[in-house]
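A short worksheet on the structure shown next.
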Amino acid sequence: MLHGGPVAALLARELELGTPGAGGRIGRLTVEILGPVQMERPLTLSVAPVRPGRRIALSQATAFQPDDSGVLREVARAQAWWIRTTDTAAAVHRAGSRLEVPGPQTPSLFESAVPDSWRDGFIGAMNWRVQTPIGLGGGAAIAWTHVHISLVDDEPVTDFQRAVAAADTANGIGAQLDPRDWTFINTELTVHLFDLPHGDWIGIEAESSIGPDGIGMGSAVLHSADGPFGRVAQCLIVEPR
């Protein structure tokens, strides 16, 4: 099963290409994960307007994958609000504390904090600077990541796509449970971006909340060189292994 990050980022790419474009950007993205996405099967994507507009516009992208009989089934769907931009530089305010961006010598807890089962595929393909323990509880965990691999061959990853790809790791980074004993899979991903990341590294300051009946919420603040630039929320299915 493919990690949600690449799927969300591919849908983000379709929405970025399919929105009005110049003169604005996407301020909110919600991805609904409708079923397991198989790693070995191709993805077909489409994008269409839901609410066209010159000041605000809502678009939807859909990902399809063939089932065992070759029939395309919908595996994920995303909607994004595109908003026309204006100059508000004089009023900039970033809620939350600024985190220091890791440098070449910044130590990382990746080897000790990230379970072996998480290191293949998408997670293993990214550069990481994990700064606090994961899955031990005790408050928010902090990790920085650098998405350096293209989503589509010979096409650079945009700042928006990098932010979305990193955002879907929030439930893992902010886990309050030992992943050897529990699963906490997200059914969706919602990202609000009041700015875009600046620099190569994206910081995730994450902490999950868990209710008494198997439903949880992953939440995170996204950071870059200028400080916080967005927030993440995820609905979680929490189950003992």
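Computed quantities for the displayed model
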| quantity | calculated |
| --- | --- |
| Residues located in the stretch 165-185, provided they are open to solvent by less than 20 Å² (accessible area, probe 1.4 Å) and of a type in the set (A, V, I, L, M, F, W, C) | Ala165, Ala166, Ala167, Ala170, Ile173, Ala175 |
| Selection within the stretch 109-138 - open to solvent by 50 Å² or more (accessible area, probe 1.4 Å) and in a loop (DSSP other than H, G, I, E, B) | Leu109, Arg119, Asp120, Gln131, Pro133, Leu136, Gly138 |
| Residue match in the stretch 13-21 (condition: within 25 Å of Trp144 (Cβ to Cβ) and hydrophobic (A, V, I, L, M, F, W, C)) | no |
| Single residue of the stretch 139-159 satisfying the filter (under 13 Å from Glu205 (Cα atoms) and in a loop (DSSP other than H, G, I, E, B)) that is modelled with the highest pLDDT | Ala140 |
| Scan of the stretch 185-213 for residues that are in contact (Cβ under 8 Å) with a residue 60 or more places away in the chain, of a type in the set (A, V, I, L, M) and more than 23 Å from Gly24 (Cα to Cα), ordered by number | Ile204, Ala206 |
| Test: residue in the stretch 65-85 that is hydroxyl-bearing (Ser, Thr, Tyr), open to solvent by 60 Å² or more (accessible area, probe 1.4 Å) and closer than 30 Å to Ala225 by Cβ | yes |
| Residue selected from the stretch 87-108 under the condition farther than 18 Å from His198 by Cα and of a type in the set (A, V, I, L, M), by the criterion least open to solvent (accessible area, probe 1.4 Å) | Ala91 |
| Output for the stretch 186-217, where each listed residue is surrounded by fewer than 16 Cβ atoms within 10 Å (Cβ to Cβ) and either aliphatic (A, V, I, L, M) or on the phi > 0 side of the Ramachandran plot (or both) | Gly199, Gly214, Ile215 |
| Residue check, Arg162 open to solvent by less than 30 Å² (accessible area, probe 1.4 Å), of a type in the set (Lys, Arg) and either part of a loop (DSSP other than H, G, I, E, B) or closer than 17 Å to Ala8 by Cα (or both) | yes |
| Close pairs (6 angstrom Cβ cut-off, 6 or more residues apart or separate chains): over 19 Å from His192 (Cβ atoms) in the stretch 214-241, charged (D, E, K, R) anywhere | Arg241/Asp181 |
| Subset of the stretch 15-66 that is touching a Ser or Thr at 6+ places or on another chain (Cβ under 7 Å) and of a type in the set (Val, Ile, Thr) - its residue that is modelled with the lowest pLDDT | Thr19 |
| Qualifying positions in the stretch 54-99 - assigned to a loop (DSSP other than H, G, I, E, B), without any contact (Cβ under 8 Å) to a residue 12 or more places away in the chain and of a type outside the set (Ser, Thr, Tyr) | Asp67, Asp68, Gly70, Val71, Asp87, Val92, His93 |
| The stretch 2-34, subset at negative phi and assigned to a loop (DSSP other than H, G, I, E, B), residue nearest to the chain's Cα centre (by Cα) | His3 |
| Condition check for Ala89: closer than 26 Å to Leu189 by Cα and either under 23 Å from the mean Cα position of the chain (by Cα) or not β-branched (Val, Ile, Thr) (or both) | no |
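The values are calculated or read from the model by the stated rules, or taken from the named source; none is laboratory data. What you are looking at is a predicted structure, and each value in this text was computed from that prediction instead of being measured. Every residue, glycine among them, receives a Cβ derived from its backbone with ideal geometry; neighbour counts consider all protein chains shown. Areas reflect the complete protein model, heavy atoms only, side chains present, ligands, DNA and RNA absent. Shrake-Rupley method; radii C 1.70, N 1.55, O 1.52, S 1.80 Å.
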